[in-house]
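Undergrad: Would you mind keeping the following structure in view while I ask a few things?
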Amino acid sequence: MPARIIVVAQQKGGVGKTTISMHLAAALALDGAKVLVVDCDHQGSACGWAGAAPNETPFPATVVSLAHVERSLHRELKKMLDDYDYMVVDCPAGLEGQHATTSALLVADLVLVPVVLSGLDLRASVAIKKLIEYAQESNETLQAYMVSSMVPAQDTNVSKTMRKSLDNLGLPALASELENRTGFREAGVLGVTVFDLGSAARDMQDQVRALKTEIVSLLEQK
């Protein structure tokens with residue numbers, strides 16, 4: 001079966017795109033899948049993350065940069081469909097990332113839109129929704145879901161209100177969420193994932209597994 005392509009995209013920076021991309025890829029790979037992470041950001045956050053991995057425990061998924069191809073990204077992804085089980089595409093933020101994001105969405109099976117539960121971040125999601133709708137005109141089977149990122153570990157009244165407002169964006173939200181925990185940031189610095197941080201990171205590990213399980217279930221329904 002050709003690889004399933006999962007795009008992680010949001011035009012606002014600082015919402016956890018790379019954290020989600022790398023942890024989702026690792027969870028899939030640790031389950032035995034052959035996974036490729038495609039770093040489309042010229043800052044190279046995903047490649048830098050994998051490059052920081054200890055020699056004795058390399059990052060469990062392959063990570064490559066295709067930041068230079070931009071408009072032709074969909075063609076490069078199609079060339080590798082038979083080489084992997086999953087491809088996770090970490091898209092760049094900002095207007096400069098629109099070409100790569102639009103190209104990736106043309107061949108994606110699923111797009112995840114990370115959102116932080118704040119008014120500013122939710123409003124920024126309107127722009128990516130327009131790109132998704134444009135891509136769905138030609139890629140009619142493209143599924144799109146929001147995923148709450150950096151959720152306060154202690155749920156506040158503000159975050160509860162913001163979570164309700166997700167419905168107004170017109171994209172369904174995944175049940176799975178990733179909390180705002182230092183372990184996720186620590187993992188990125190060390191080039192590992194929360195699965196390498198031992199029992200102290202068990203809650204974060206469970207969150208990532210839940211996200212992976214929900215996404216695999218959605219892809220299997222296609």
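Undergrad: Using a 10 angstrom cutoff on alpha carbons, build the Gaussian network for the chain and name the most mobile of Ala100, Ala175, Ala210.
TA: Greatest mean-square fluctuation among the candidates belongs to Ala175.
Undergrad: In nm, to one decimal, how far is the Glu186 label point from the Ala173 one, both placed 7 Å along Cα→Cβ?
TA: According to this spin-label approximation, the distance is 2.8 nm.
Undergrad: Something else about it: Given the peptides 39-47, 106-114, 138-146, arrange them by the average over their residues of other C-beta atoms within 10 Å, most packed first. If you can, show how the numbers build up before the last one.
TA: Numbers: 39-47: 20.3, 106-114: 23.3, 138-146: 16.0.
Highest mean packing first, the order is 106-114, 39-47, 138-146.
Undergrad: What GluC sites (Glu not before Pro) does segment 1-109 have in DSSP loop regions with at most 15 other beta carbons within 10 Å?
TA: Numbers: sites: Glu56, Glu70, Glu76, Glu96; in loops: Glu56.
Qualifying residues, ordered by number: Glu56.
Undergrad: If you compute Cα extents along the principal axes in Å for the structure shown, which of (i) 45, 39, 38; (ii) 46, 43, 34; (iii) 96, 30, 26 do you land on?
TA: Among (i) 45, 39, 38; (ii) 46, 43, 34; (iii) 96, 30, 26, the one derived from this structure is (ii).
Undergrad: Also, quick follow-up: Can you give the accessible area of Thr102 in Å² (nearest 10), computed on protein heavy atoms with a 1.4 Å probe?
TA: Surface accessible to solvent at Thr102 totals approximately 30 Å².
The values are calculated or read from the model by the stated rules, or taken from the named source; none is laboratory data. Keep in mind it's a predicted model, so treat the numbers as computed, not measured. Don't worry about glycine lacking a Cβ; one is built from the backbone with ideal geometry, like all the others, and counts go over all protein chains shown. Calculation scope for accessible area: heavy atoms of the full protein, side chains included, ligands and nucleic acids excluded. Shrake-Rupley method; radii C 1.70, N 1.55, O 1.52, S 1.80 Å.
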